[in-house]
Amino acid sequence: NAGVTQTPKFRVLKTGQSMTLLCAQDMNHEYMYWYRQDPGMGLRLIHYSVGEGTTAKGEVPDGYNVSRLKKQNFLLGLESAAPSQTSVYFCASSSGQNNEQFFGPGTRLTVL
Amino acid sequence: RKEVEQDPGPFNVPEGATVAFNCTYSNSASQSFFWYRQDCRKEPKLLMSVYSSGNEDGRFTAQLNRASQYISLLIRDSKLSDSATYLCVGSGTYKYIFGTGTRLKVLA
């Protein structure tokens, strides 16, 4: 089992460019999450999904969109990147509400 | 006030020492609690879940005090490999709230 994987691992964007981060899990988990981690801020929830075809906003959703077309995949999109979106992005999945989360290795994004 | 608060440290301790971290939470509706470990530039990984009755896993002991709304982690006989950041996490409906982490450095 690969667990949770993220693509790409690193990316540099210019302001205004768009990109999609891909998260995939092979544990048949219903719940998936996107976080960003910034120094001194801890992990903050961007969006989450409680099942295929459903998504919901987290704590810091502005500037991001998500889609969960397949149970195993959760995509995070940035339509028009801004320097404030420079961060490390982690995807996670869990088998249920309040259960252990499994994290992907992260994507380091720099927006110039 | 942050929903989950931790002392950021760093805690510098010699090998073999016992070290304890506390974490306080403000949302009394939080249902589950966890300690995660995060190594530099890596993803968080579950260290242990925290139960009201307290639980132990080898050198690690976790406690939850719902009345005072705090969680603790005790590490006995610290190893160099324990050096990491320890994240306290509380969860409620679809929502996990992470503390900013406590840095531990175990010195030879």
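Taken together, the values in this text are just the output of simple stated rules run on the coordinates, not laboratory data. Being a predicted model, the structure only gives us computed values, none of them experimental. Cβ: placed from backbone, ideal geometry, glycine included. Neighbour counts: every protein chain shown.
The alpha carbon centroids of the stretch B:63-108 and the stretch A:1-71 are separated by 24 Å. Legend: translational diffusion of the stretch B:1-50 by Stokes-Einstein, Rh = Kirkwood radius over C-alpha pairs, 25 °C, 0.890 mPa s; D = 187 µm²/s. With the cut-off at 1.5 for a/c, could you classify the protein assembly as shown from its C-alpha gyration tensor as rounded, prolate or oblate? Judged from the Cα gyration tensor, the protein assembly as shown comes out prolate (a/c at least 1.5, a/b above b/c).
For chain A, a Kirkwood hydrodynamic radius built from all Cα pairs, placed in the Stokes-Einstein relation at 20 °C and 1.002 mPa s, yields a translational diffusion coefficient of 155 µm²/s. Couplings for the stretch B:76-81, taken from phi via the Karplus curve 6.51 cos²θ - 1.76 cosθ + 1.60 with θ = phi - 60°, read 9, 6, 3, 10, 4, 6 Hz in order; Gly and Pro are left as x. If you run the Gaussian network model on chain B, springs between alpha carbon atoms under 10 Å, then out of B:Thr85, B:Thr61, B:Thr24 the most flexible one is B:Thr61. Annotation: the antiparallel percentage among DSSP beta bridges lying fully within the protein assembly as shown is about 90. In this calculation the C-beta distance from B:Ser68 to A:Lys9 is compared with R0 = 30 Å, giving a FRET efficiency of 0.15. Each peptide among A:37-44, A:77-84, B:68-75 gets the average number of other Cβ atoms lying within 10 Å of its residues, and from highest to lowest they stand as B:68-75, A:37-44, A:77-84. Proximity of backbone amide H atoms, modeled 1.01 Å from N, is registered between B:Gly92 and B:Gln31, B:Ile97 at under 5 Å, excluding neighbours fewer than 5 places apart on the same chain. Here B:Lys2 is the anchor, and the lysines within straight C-alpha reach of less than 25 Å, apart from those fewer than 8 places off in the same chain, are A:Lys57, B:Lys42, B:Lys45, B:Lys95, B:Lys105. Overall, chain B carries a charge dipole of about 220 debye about its Cα centre when +1 sits on the Cβ of Lys and Arg and -1 on the Cβ of Asp and Glu, all other atoms neutral. In sequence order, the stretch A:98-112 has phi-based couplings of 6, 8, 3, 9, 10, 9, x, x, x, 10, 8, 10, 10, 10, 8 Hz under the Karplus curve 6.51 cos²θ - 1.76 cosθ + 1.60, θ = phi - 60°, and Gly or Pro positions carry x. Computed 3J(HN,Hα) for the stretch A:11-16, one whole-Hz value per residue from the Karplus formula 6.51 cos²θ - 1.76 cosθ + 1.60 where θ = phi - 60°, is 7, 10, 10, 9, 3, x, glycine and proline marked x. Site-free segments of chain B were taken between trypsin sites (Lys or Arg not before Pro) in DSSP loops having at most 10 other Cβ atoms within 10 Å, sites themselves excluded; the longest one is B:42-108.
Annotation: amide H of B:Thr100 within the under-5 Å range of B:Gln6, sequence separation 5 or more or interchain, hydrogens built in the peptide plane. For chain B, the Cα-based Rg and Dmax, in that order, read 13.2, 42 Å.
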